[in-house]
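A quick write-up on the structure given underneath.
The values are calculated or read from the model by the stated rules, or taken from the named source; none is laboratory data. The structure displayed is predicted, hence computed values, not measured ones. Virtual Cβ from ideal backbone geometry, glycine too; neighbours counted across all protein chains shown.
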Amino acid sequence: MSFDNKVAIVTGGAQGMGREYVRLLAQQGARVVIADINLDVAQKAVDELGFKDQLLAVRTDVGDLDSCLACVKAAEERFGGVDYLVNNAGLLSAAAFPSLIDIPVEKYRQITEVMLNGQLWMARAAVPAMRKRGGGAIVNVSSIGAYQATGVYSLTKLGVNGLTINLSRELAKDNIRVNAVAPGTVATEGMQPLMSVEDMAKWGQMLGRPTDKVATPDMIAQVGVFLLSDAASYVRGQIIAVDDGQQIRV
Ligand SMILES: NC(=O)c1ccc[n+]([C@@H]2O[C@H](COP(=O)([O-])OP(=O)(O)OC[C@H]3O[C@@H](n4cnc5c(N)ncnc54)[C@H](O)[C@@H]3O)[C@@H](O)[C@H]2O)c1
């Protein structure tokens, strides 16, 4: 796989799985915009990852369409266009709200704005730039939690699956492929305050995973990067579970 002369935007790319997408794409020649609400951590990733000329950190709030548009403008100004989007930004803290009846309305709005609408806002911002380049690819980050019916987190990820299917149809005429990855349990910075790696191992098994393995971010990002690449040119509108067999669908 080569991403030479290509430009990618990775939302939530400052840490966790997003940072791994940034690293893998840059390693394969892409220039990458780290679109993250936390500019300090995004800049730290630029400084540490070792591809300084290929990376640009842009403070972006995916829950705000104007902020997404500004991010795409920055990508075009610095790197000349946009070919790929990884809609990865998310709020793991949303898992603390298991009841759709009891979650405070403002909280519900804030979470859905980032976790579901944010993926659409970023796509709406990036698609015109992709059209100018003759096409592109989008990977949305869902979760196998989409099917667990455990409140607002689950609901937004099911929405991401719907968004993926809809956009994959709508954007086929523009030569833009849209797919999603649905990770199982992944040891990231965002998960650290929520659950120990040992508990993640037990929890996954309790939910049906046949191993005690907890994913590292690269195990997920490798699959997402494959979906962006030309090697996946005939894969469209798919939600690919990357969960070590935790969820079996036939
Ligand atoms: N870690 C897991 O076990 C797991 C499992 C399945 C799916 N996911 C999903 O994978 C994605 C990444 O998860 P992670 O574990 O790497 O999370 P993380 O918390 O480590 O990183 C999330 C990143 O998103 C950024 N972010 C938050 N709100 C933002 C906003 N409004 N605009 C732009 N950036 C914003 C944060 O600053 C952070 O850099 C999320 O969508 C999450 O729901 C995670």
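Quick look at the numbers
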read-out: Subset of the range 96-113 that is touching a helix residue (DSSP H, G or I) at 6+ places or on another chain (Cβ under 8 Å) and of a type in the set (A, V, I, L, M) - its residue that is surrounded by the fewest Cβ atoms within 10 Å (Cβ to Cβ); value: Leu100
read-out: Single residue of Gln27, Gln43, Gln54, Gln15 found to be among the polar types (S, T, N, Q), in contact with a strand residue (DSSP E or B) (Cβ under 9 Å, 6 or more places away or on another chain) and within 15 Å of Pro217 (Cβ to Cβ); value: Gln15
read-out: Residues within the range 88-106 that are more than 21 Å from the chain's Cα centre (by Cα), in a helix (DSSP H, G or I) and in contact (Cβ under 8 Å) with a residue 40 or more places away in the chain, tallied; value: 0
read-out: Residue within the range 115-128 that is touching a helix residue (DSSP H, G or I) at 6+ places or on another chain (Cβ under 7 Å) and outside any helix (DSSP H, G or I) present; value: no
read-out: Residue within the range 47-55 that is of a type in the set (A, V, I, L, M), within 17 Å of the chain's Cα centre (by Cα) and closer than 19 Å to Ala74 by Cα present; value: no
read-out: Residues satisfying the stated conditions in the range 91-134, i.e. within 13 Å of the ligand (Cβ to nearest atom), under 16 Å from Thr150 (Cα atoms) and not aliphatic (A, V, I, L, M); value: Ser93, Thr112
read-out: Filter result for the condition that a residue is buried (at least 18 other Cβ atoms within 10 Å of the Cβ), over 24 Å from Gln110 (Cβ atoms) and modelled with pLDDT under 95, over Gly204, Gly184, Gly224, Gly208; value: Gly204
read-out: Residue in the range 204-213 that is within 30 Å of Arg131 (Cα to Cα) and either in contact with an Asp or Glu (Cβ under 9 Å, 6 or more places away or on another chain) or touching a residue at least 40 places away in the same chain (Cβ under 8 Å) (or both) present; value: no
read-out: Subset of the range 132-151 [over 20 Å from Leu227 (Cα atoms) and assigned to a loop (DSSP other than H, G, I, E, B)]; value: Gln148, Ala149, Thr150, Gly151
read-out: Single condition Gln192 does not satisfy, out of (1) under 20 Å from Gln247 (Cα atoms); (2) within 10 Å of the ligand (Cβ to nearest atom); value: (1)
read-out: Test for Ser168: is it more than 10 Å from the ligand (Cβ to nearest atom), in contact with a strand residue (DSSP E or B) (Cβ under 7 Å, 6 or more places away or on another chain), among the hydroxyl-bearing types (Ser, Thr, Tyr) and modelled with pLDDT of 95 or more; value: yes
read-out: Filter result (of a type in the set (S, T, N, Q) and in contact with a strand residue (DSSP E or B) (Cβ under 6 Å, 6 or more places away or on another chain)) within the range 144-165; value: Asn161, Thr164
read-out: Residue list for the range 19-29, filter: out of contact with any Asp or Glu (no Cβ under 7 Å at 6 or more places or on another chain) and crowded, with 24+ Cβ neighbours inside 10 Å; value: Arg19, Tyr21, Val22, Leu25
